[in-house]
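These notes concern the structure reproduced below.
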Amino acid sequence: MSPTPFPGGPDLFRLDPGIAHLNHGSFGAVPVPVQEAQAALRAEAHEDPDTFFVGVADRIAAARARVAAHLGADPDGIAFIANATEGANLALDAVPLAEGDEILVTDHGYGTVVAAAARRAPVTTVPLDPGLPDEDAVREAVLAGVTPRTKVAVLDHISSPTARVIATPRLLAELAARGVTTVVDGAHAPGMVADPLAGGADFWFGNLHKWGYAPPGTAVLAVAPAHRARIRPLVPSWEDGHGFPRSVEYRATADYTGWLAAPEGLDLLDRLDAARVRVHNTALAAHGAALLARIPGLAPLPYTDGLAMRALRLPPGIAETPAGARALREELAARLRVRVLIWPWPGGGGIRVCGQIYNRPEEYERLAAALPAFLG
Ligand SMILES: Cc1ncc(COP(=O)(O)O)c(C=O)c1O
């Protein structure tokens, strides 16, 4: 049975109705009340820039407190940042490393996050077969990659291509027991999972602009108390004297309106009932995956329950390279008017579908009916 559409869901967005947006996970989409809140903040800044900038640090602190309450975080233990990529760089800059130390990453890691690790120290890449059956198998594969040189592990909370949880609390605890500092890329977690900081990583960053309904450029970095004094903004700040989190947040003349509008997105999520949104989005993604699984040659991948994204492998020869994946993605967008993530992988790439309150079951049906012709 198809999931019932979320009442009023599509009306909360200004998405092109001619396109099936099945890729919320990549860039999110900003609900209209949040767009309006940000527009009002921009108008205020344009009317009286001096007053706006004089008071902005305190307003950021108030918005941060709202976000901290949502995440279950200590308000002094998180900072607003622009995106997950910035979070990775800030975290890795704060970890003391010596000659010979290495950073563990996995082959599921996000490109710019892995690049941040590689800038800092030599990386060891742990291969994770997308078909690994469960969290235990993933944990064992990661731990098998730890060597005496491994000082830091950078792991996805929820992996981008395969949409599964990698950094479980148990894996993080076992890495900590081996003396490995943990950096978790929670890009997809805020708004998608109920208690994103429960894992207890040393450093964790997540985007509010994906599932938290915030404007683009709105993310947070959470830092365990022991590491906070070592955090430095990537660019010197007027607030350096205040230390984390203000030093990281205040970046001279910049557009802070996305951060200030972030509480509006979380309030909306609360008004809609975040648990109900999660159940609905998960059901939609599962519906999409079930339809795609009927296509010969497509193999559903093991998944973590309760996530609003699901992934399947494509047949051998399809999307094996980044160029091949991009070509298929753009062909689906141009000819079918469906936006979906196609990810490259040797031996056959993958497809990831997302569920969000603006999606309708027919959109996945349209994709599933037409996709075989694109795989020919
Ligand atoms: C797992 C993961 N990490 C990091 C990012 C990058 O996020 P940003 O563009 O906000 O830096 C993404 C984006 O999709 C992602 O999926």
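The values are calculated or read from the model by the stated rules, or taken from the named source; none is laboratory data. The shown structure was predicted, so the numbers you read here are calculated from the model rather than taken from an experiment. Here the Cβ positions follow ideal geometry from the backbone for every residue, glycine too, while neighbour counts run over all protein chains shown.
Scanning region 310-317 finds no residues that are of a type in the set (D, E, K, R), closer than 30 Å to G8 by Cβ, at pLDDT 95 or above and assigned to a helix (DSSP H, G or I).
Give region 252-263 a look and list any residue that's away from the ligand (no atom under 15 Å from the Cβ) and farther than 19 Å from H46 by Cβ, or say none. Passing the criteria: only P263.
I'd like to know if region 39-50 contains one or more residues that are at pLDDT below 95, in contact with a helix residue (DSSP H, G or I) (Cβ under 9 Å, 6 or more places away or on another chain) and assigned by TED's automatic domain parsing to the domain that holds G145.
no
Among residues that are in contact with an Asp or Glu (Cβ under 9 Å, 6 or more places away or on another chain) and either assigned to a strand (DSSP E or B) or modelled with pLDDT of 95 or more (or both), L367 is not included. Restricting attention to strands (runs of 3 or more DSSP E) lying wholly within region 159-242, give those where 3 or more residues are aliphatic (A, V, I, L, M) and within 16 Å of the ligand (Cβ to nearest atom). By residue number, 219-223.
Every residue, every condition in (1) buried (at least 19 other Cβ atoms within 10 Å of the Cβ); (2) within 15 Å of the ligand (Cβ to nearest atom); (3) closer than 24 Å to H188 by Cβ, yes or no:
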{"site": "P5", "(1), (2), (3)": "no, no, yes"}
{"site": "G18", "(1), (2), (3)": "no, no, no"}
{"site": "L22", "(1), (2), (3)": "yes, yes, yes"}
{"site": "Q35", "(1), (2), (3)": "no, no, yes"}
{"site": "G55", "(1), (2), (3)": "no, no, no"}
{"site": "R59", "(1), (2), (3)": "no, no, no"}
{"site": "R64", "(1), (2), (3)": "yes, no, yes"}
{"site": "L90", "(1), (2), (3)": "yes, yes, yes"}
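Considering region 126-138, and only residues there that are more than 20 Å from the chain's Cα centre (by Cα) and closer than 13 Å to L104 by Cβ, the residue that is surrounded by the fewest Cβ atoms within 10 Å (Cβ to Cβ) turns out to be P127. Within region 66-83, restricting attention to residues that are more than 18 Å from R230 (Cβ to Cβ) and more than 16 Å from the ligand (Cβ to nearest atom), the residue that is surrounded by the most Cβ atoms within 10 Å (Cβ to Cβ) is L71. Every condition in (1) among the polar types (S, T, N, Q); (2) crowded, with 21+ Cβ neighbours inside 10 Å; (3) free of Cβ contacts under 8 Å to residues at least 40 places away in the same chain holds for N281 except the one numbered (3).
The single condition among (1) of a type outside the set (F, W, Y); (2) touching a residue at least 40 places away in the same chain (Cβ under 8 Å); (3) farther than 19 Å from T282 by Cα that A369 does not satisfy is (2). None of E99, E86 is without any contact (Cβ under 8 Å) to a residue 12 or more places away in the chain and either within 16 Å of the ligand (Cβ to nearest atom) or loosely packed, with under 15 Cβ neighbours inside 10 Å (or both) except E99.
Considering region 318-334, the residues that are outside any helix (DSSP H, G or I) and in contact (Cβ under 8 Å) with a residue 24 or more places away in the chain include one that is surrounded by the fewest Cβ atoms within 10 Å (Cβ to Cβ), namely E320.
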